[in-house]
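A.B. asks: Structure provided below as structure tokens; questions to follow.
Throughout, read-outs are computed from the coordinates displayed, never taken from laboratory work. The structure displayed is predicted, hence computed values, not measured ones. FYI the Cβ positions are ideal-geometry reconstructions off the backbone, even for glycines, and counts take in every protein chain you see.
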Amino acid sequence: MDFTFSDEQLAVSEAAAGIFGGMAGTERVAAVEQSVERVDEELWAELAKAHLLGLVVPASQGGAGLGLTEACLVLEQQGRYVAPVPLWATTVLGALPLARFGSETQQQRLLPELCEGTVRMSAALTEVASNPRQRPAATATHEGGGGWRLTGQLRAVPQAHLADRILVPAHCPSLAGGVMVAIVDPSSPGVVLEPALTTDRQVHPHVELDGLHIGPDEVIAPPEGGAAVVSFMV
């Protein structure tokens, strides 16, 4: 089996290395870490300009149509410099499952702007990360017309304070314990973020959902299909 990277993959790695190496020096990273949001906006814009934010996004939605390997090559370079940008949360936790399971309408609404760096994403997976079969922290109650109400305490959601949308798995007790996955706007009424710092000095807020209404167009996976989506995400 040949594990050699392709020319395209090497080009991705080299482009990322050049950007992080040139913009994520020790002093700059330290200065950003003293800010409230702890994100380097100029670096984020440069990654978007180099088309590195949409590697896992289909070409039809403005991305490169590549995969997890290419995304990991960029993450590797980010890790070399501990660069303060929400790359993992946006591309792996958000864009990758949305590109795989989201409807065409959902993708069109979010992915082109994600590629441009103007939409950021995350996912609430702390409770299910070690075991996809574990019950999610959020609970979903079905309403008429295909809508849902979400309630629950989501712990340490990666860089949720920067996210425009968060993917949230939710337990559905009224439907034989199924799990649905919703796209949550953290600025909506019924969503409260509590800042929380991790041991590596990142901000991973706790997110409280208090009867948040979710319409049918914000559901990535219904209860009968959500478990497969969660398994893919973790």
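A.B. asks: For the chain, build the convex hull from the C-alpha positions and give me its volume per residue in Å³.
C.D. replies: Taking the convex hull of the Cα positions in the chain, it is 128 Å³ per residue.
A.B. asks: In terms of modelled amide H atoms, which long-range or inter-chain residues lie less than 5 Å from the amide H of residue 123?
C.D. replies: Placed amide hydrogens put 167 under 5 Å from residue 123.
A.B. asks: For the stretch 123-233, I need the span (max minus min coordinate) of the C-alpha atoms along each principal axis, in Å, sorted largest to smallest.
C.D. replies: The Cα atoms of the stretch 123-233 stretch 41, 30, 18 Å along their principal axes.
A.B. asks: With an 8 Å Cα cut-off and a minimum separation of 6 or more residues, compute the relative contact order for the chain in percent.
C.D. replies: 17
A.B. asks: Fully extended, how many nm does the chain gain between residue 14 and residue 50 (0.36 nm per residue separation, minus their Cα-Cα distance)?
C.D. replies: Full extension from residue 14 to residue 50 adds 11.8 nm.
A.B. asks: While we're on this one: So how strong a dipole does the chain carry about its Cα centre when Lys and Arg Cβ are +1 and Asp and Glu Cβ are -1, to the nearest 20 debye?
C.D. replies: Result for the chain is approximately 560 debye, rounded to the nearest 20.
A.B. asks: Another question, if that's okay. How far apart, in nm, are two points set 7 Å out from the Cα along the Cα-to-Cβ line at residue 188 and at residue 134?
C.D. replies: Distance between label points: 2.5 nm.
A.B. asks: Now, a different point. For the chain, what does the helix formula give at 222 nm: sum of -39500 (n - 2.57) over DSSP H segments with n ≥ 4, over the residue count, nearest 500 deg cm²/dmol?
C.D. replies: Dividing the helical sum by the residues of the chain leaves -9500 deg cm²/dmol.
A.B. asks: ³J(HN,Hα) across the stretch 189-204 via Karplus (A = 6.51, B = -1.76, C = 1.60, θ = phi - 60°), whole Hz, x for Gly/Pro?
C.D. replies: Whole-Hz 3J(HN,Hα) from phi for the stretch 189-204: x, x, 10, 10, 9, 10, x, 8, 9, 8, 5, 9, 6, 8, 9, 10.
A.B. asks: Using modelled amide H (1.01 Å from N, peptide plane; none on Pro or chain starts), what sits under 5 Å from the amide H of residue 154, excluding residues fewer than 5 places away?
C.D. replies: For residue 154, the qualifying residues are 207, 208, 209.
A.B. asks: Nearest 20 debye, what's the magnitude of the dipole of the stretch 7-119 about its Cα centre given +1 on Lys and Arg Cβ and -1 on Asp and Glu Cβ?
C.D. replies: Computed charge dipole of the stretch 7-119: roughly 260 debye.
A.B. asks: Tell me, how many Å apart are the Cα centres for the stretch 117-158 and for the stretch 159-182?
C.D. replies: Computed from Cα coordinates, the inter-centre distance equals 2 Å.
A.B. asks: How far apart, in nm, are two points set 7 Å out from the Cα along the Cα-to-Cβ line at residue 176 and at residue 28?
C.D. replies: 5.4
A.B. asks: Given N residues in the stretch 7-119, what is Rg(Cα) / (2.2 N^0.38 Å)?
C.D. replies: Expressed relative to 2.2 N^0.38 Å, the Cα Rg reads 1.04.
A.B. asks: Moving on to the next point. Could you give the size of the charge dipole of the stretch 123-233 about its Cα centre, using +1 on the Cβ of each K and R and -1 on the Cβ of each D and E, expressed in debye and rounded to the nearest 20?
C.D. replies: So the magnitude is around 300 debye.
A.B. asks: Can you give me the distance in nm between label points at residue 155 and residue 198, each placed 7 Å from the Cα along the Cα-to-Cβ direction?
C.D. replies: 1.5
A.B. asks: Here's a follow-up. Most fluctuating residue of 185, 217, 200 in a GNM of the chain with Cα springs under 10 Å: which is it?
C.D. replies: 200
A.B. asks: Between 10, 59, 225, whose Cα lies farthest towards the positive end of the dipole of the chain when Lys and Arg beta carbons carry +1 and Asp and Glu beta carbons carry -1, centred on the Cα centre?
C.D. replies: The listed residue farthest towards the positive side: 225.
A.B. asks: Let me ask something additional. Pick from 12, 157, 179: which residue has the top mean-square fluctuation in a GNM of the chain where Cα pairs under 10 Å get a spring?
C.D. replies: Of the options given, 12 has the highest mean-square fluctuation.
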